[in-house]
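Participant: One structure coming up, written as structure tokens, with questions to follow.
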Amino acid sequence: MSAETLPEGLRRAVARLARTPRLLVVCDYDGTLSPIVADPTQAVPRPESMRALRSLADLPDTTTGLISGRALRDLAALSGLQAGENLHLIGSHGAELDAGFAQALDDDAQELRRRLEAGLAQLVGRTPGVLLETKPASIAVHVRRADPAVGESVLDAVRSGPARWKGVHVTEGKAVIELAVVETDKGAALDMLRHQADATAALFLGDDLTDEKAFARLAGPDLGVKVGPGESLAAFSVPDTGDVAVLLDYLLAERGAWLPGETRRSGD
Ligand SMILES: [Mg+2]
């Protein structure tokens, strides 16, 4: 696929964005960089997208980041990306900025997390296809592999039970509900990256409900692109992760061509 497969309006918007003085490029992981798969531990990213992100991070005045609902260590392992000066990994919907995060929880939050873990384990029991994912500051209940009716009833039980406990912050996604003991928000994480990079414009790409909080923070010269079908606050949408790879590659080419001559890449 080449850039011609992108809608013309989107192509123009990407070319415009490529000419901003300090660019921030932020992507969700699952469903955006990697196709959605039944087993979340096997979600492999598209190599073209990862190549483009690495190359963008190597350009001057260009910062890239991943913001995911996954635990930070899983995100690093699956994406194969190593956080660096111009490449940031943020896990747990913005709650996890580095690997030492669990120790940063105060006593109340740690106690609440222990109660949540016990409460959810009891509620879920041995329901086939339902998976608890334990993260430093949250626990996610995945029902993607469960019978749909069973999955929905588990989600309902979580919503009317532990999700209402004091101090619990709820994030819902596709076939997953996550209960955190700290406030989590992809929009807040995006703003933090924007501030750190002193960006003059940002691109955000995402596919899920949780990504809408990031789209909601975009303004002015920013660009939001929703991956897949469904209502969104993003100005543009593309069908799937293949289009994300094309878009990132096009952005890399446009920005490389626009930046001063000595920093231009040879197109490798
Ligand atoms: Mg996603």
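Participant: What aspartates and glutamates sit close enough to residue 213 to cross-link, taking a C-alpha to C-alpha distance under 18 Å and skipping anything fewer than 8 places away on the same chain?
Facilitator: Straight-line reach from residue 213, under 18 Å: 28, 30, 96, 172, 178, 183, 185, 191, 222, 231.
Participant: Report relative contact order for the chain in percent, whole number only (criteria: Cα-Cα under 8 Å, sequence separation at least 6).
Facilitator: Relative contact order here is 25 percent.
Participant: Continuing with this model, one more query. Could you work out [θ]222 nm for the chain from helices alone, using -39500 (n - 2.57) per DSSP H run of at least four and dividing by all its residues? Round to the nearest 500 deg cm²/dmol.
Facilitator: The helix contribution divided over the chain gives -11000 deg cm²/dmol.
Participant: Just to confirm the filter: which trypsin sites (Lys or Arg not before Pro) across segment 56-160 are DSSP coil and have at most 11 other Cβ within 10 angstrom of their Cβ? Walk me through the numbers before you get to the answer.
Facilitator: Numbers: sites: 70, 73, 113, 114, 115, 126, 144, 145, 159; in loops: 70, 126, 144, 145.
When the trypsin sites (Lys or Arg not before Pro) of segment 56-160 are filtered for loop state and at most 11 Cβ neighbours within 10 Å, 126 remain.
Participant: DSSP loop GluC sites (Glu not before Pro) in segment 61-149 with at most 11 other Cβ atoms within 10 Å of their Cβ, which ones? Before the final figure, lay out the partial values.
Facilitator: Details: sites: 85, 96, 111, 117, 133; in loops: 85.
Answer in residue order: 85.
Participant: Would you mind telling me which residue in 228, 69, 94 has the biggest mean-square fluctuation in a Gaussian network model of the chain, where springs connect alpha carbons within a distance under 10 angstrom?
Facilitator: Answer for the Gaussian network model of the chain: 228.
Participant: Please report 186, 174, 166 as a ranked list, fewest other C-beta atoms within 10 angstrom at the top and most at the bottom. Provide the component values of the computation, followed by the final result.
Facilitator: Working: 186 27, 174 16, 166 5.
Listing 186, 174, 166 from fewest to most nearby Cβ atoms yields 166, 174, 186.
Participant: How large, in Å, is the chain by the Kirkwood hydrodynamic radius built from its alpha-carbon pairs?
Facilitator: Numbers: mean 1/r = 0.0523 Å⁻¹.
Mean inverse Cα-Cα distance, inverted, gives 19.1 Å.
Participant: Rank 203, 81, 23 by mean-square fluctuation in a GNM of the chain with C-alpha springs under 10 angstrom and give only the top-ranked residue.
Facilitator: 81
Participant: State, as an integer percentage, the relative contact order of segment 40-151 based on alpha-carbon contacts under 8 Å between residues 6 or more apart.
Facilitator: Working: 122 pairs, mean separation 21.2, N = 112.
19 percent.
Participant: Let me ask another. Going by how many other Cβ atoms sit within 10 Å of their own, how do 93, 142, 195 line up, fewest first?
Facilitator: Values: 93 31, 142 21, 195 10.
In order of increasing Cβ crowding within 10 Å: 195, 142, 93.
Coordinate-derived values only; no laboratory data. All figures in this text were calculated on a predicted structure; none of them were measured in a lab. We place every Cβ from the backbone using ideal geometry, glycine too, and count neighbours over all the protein chains shown.
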